[in-house]
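Since the structure comes first, as structure tokens, the remarks are kept for the end.
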Amino acid sequence: MGTPFVSVYDRFTTLITDYKLDNLYLKDKNSFNEFLRGFLLNSIDMFDGCLTNLDYDSLVEKDANNNDVTNYYFNASLKSKEVYILCLGLMIAWYQKDINDVTQFRLHLNTKNFKTYSENANLKQKSELLDKMKEDLSNNINNYQLSNLAKIPFFNGGV
């Protein structure tokens with residue numbers, strides 16, 4: 001067995017602060033892991049050019065309460081940089097979900113007691129941040145590949 005998905009989730013929580021995720025983690029760690037799994041699968045798809053195979057398997061194990069829990073593991077042991085890049089993809093997937101929240105598109109009443117910033121301006125700022133996050137992910141993948149150039153078959157004499 002390789003790197004557990006939980007290792008990626010743990011590192012992800014050091015990069016992002018979200019009270020909803022924090023509350024889910026405190027209430028039910030298994031639900032937290034299951035919820036983040038979908039975002040990690042999206043992140044795996046974003047990690048083009050990973051030099052380690054990102055295939056994974058599941059294993060049913062017992063939790064602290066002796067309940068069956070399905071845990072997921074990569075088939076290979078990932079390097080720290082690979083885990084970090086997966087965390088960046090997780091952040092993008094999480095943030096994309098927030099941007100696509102339909103409640104953000106609904107107009108609010110603008111009364112004396114309740115004022116909001118323009119939804120349009122808010123969405124524009126979030127979209128710009130998302131673009132910056134995607135650029136950061138791409139730069140990290142490029143740097144990862146450049147630092148491992150000899151491992152890429154094309155540059156190692158094999159085509």
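The values are calculated or read from the model by the stated rules, or taken from the named source; none is laboratory data. Since the structure is predicted, the reported quantities are computational estimates derived from the model, not experimental observations. With ideal geometry, Cβ positions are generated from the backbone for all residues, glycine too; neighbour counts draw on all protein chains shown.
Whenever a residue of segment 123-150 is without any contact (Cβ under 8 Å) to a residue 60 or more places away in the chain, its partners that are loosely packed, with under 13 Cβ neighbours inside 10 Å and not aromatic (Phe, Trp, Tyr), lying with C-beta atoms within less than 6 angstrom and at least six residues away or across chains, give the pairs 150/156.
Filtering 9, 72, 84 for residues that are in contact with a Ser or Thr (Cβ under 8 Å, 6 or more places away or on another chain) and either outside any loop (DSSP other than H, G, I, E, B) or of a type outside the set (S, T, N, Q) (or both) leaves a single hit, 72. Can you find a residue that is surrounded by 11 or more Cβ atoms within 10 Å (Cβ to Cβ), at pLDDT below 95, out of contact with any His (no Cβ under 7 Å at 6 or more places or on another chain) and more than 26 Å from residue 130 (Cβ to Cβ) anywhere in segment 84-107? Scanning segment 84-107, I find no residue that is surrounded by 11 or more Cβ atoms within 10 Å (Cβ to Cβ), at pLDDT below 95, out of contact with any His (no Cβ under 7 Å at 6 or more places or on another chain) and more than 26 Å from residue 130 (Cβ to Cβ), so the answer is no.
Among the residues making up segment 1-24, those that are loosely packed, with under 15 Cβ neighbours inside 10 Å and within 29 Å of residue 146 (Cβ to Cβ) are 10, 14, 15, 16. Note on segment 59-69: residues that are assigned to a strand (DSSP E or B) and under 18 Å from residue 10 (Cα atoms) amount to 1.
Against the condition in contact with an Asp or Glu (Cβ under 8 Å, 6 or more places away or on another chain), of a type in the set (D, E, K, R) and surrounded by fewer than 17 Cβ atoms within 10 Å (Cβ to Cβ), how does residue 27 come out, does it pass? Taking the combined requirement at face value, the residue does not satisfy it.
When residues in segment 122-159 are screened for being modelled with pLDDT of 85 or more and of a type in the set (D, E, K, R), 6 of them pass.
Residue count for segment 54-78 satisfying the condition of being surrounded by 15 or more Cβ atoms within 10 Å (Cβ to Cβ) and within 17 Å of residue 43 (Cα to Cα): 7. Does at least one position in segment 20-35 carry a residue that is assigned to a loop (DSSP other than H, G, I, E, B), at pLDDT below 95 and within 27 Å of residue 135 (Cβ to Cβ)? Within segment 20-35, not a single residue is assigned to a loop (DSSP other than H, G, I, E, B), at pLDDT below 95 and within 27 Å of residue 135 (Cβ to Cβ).
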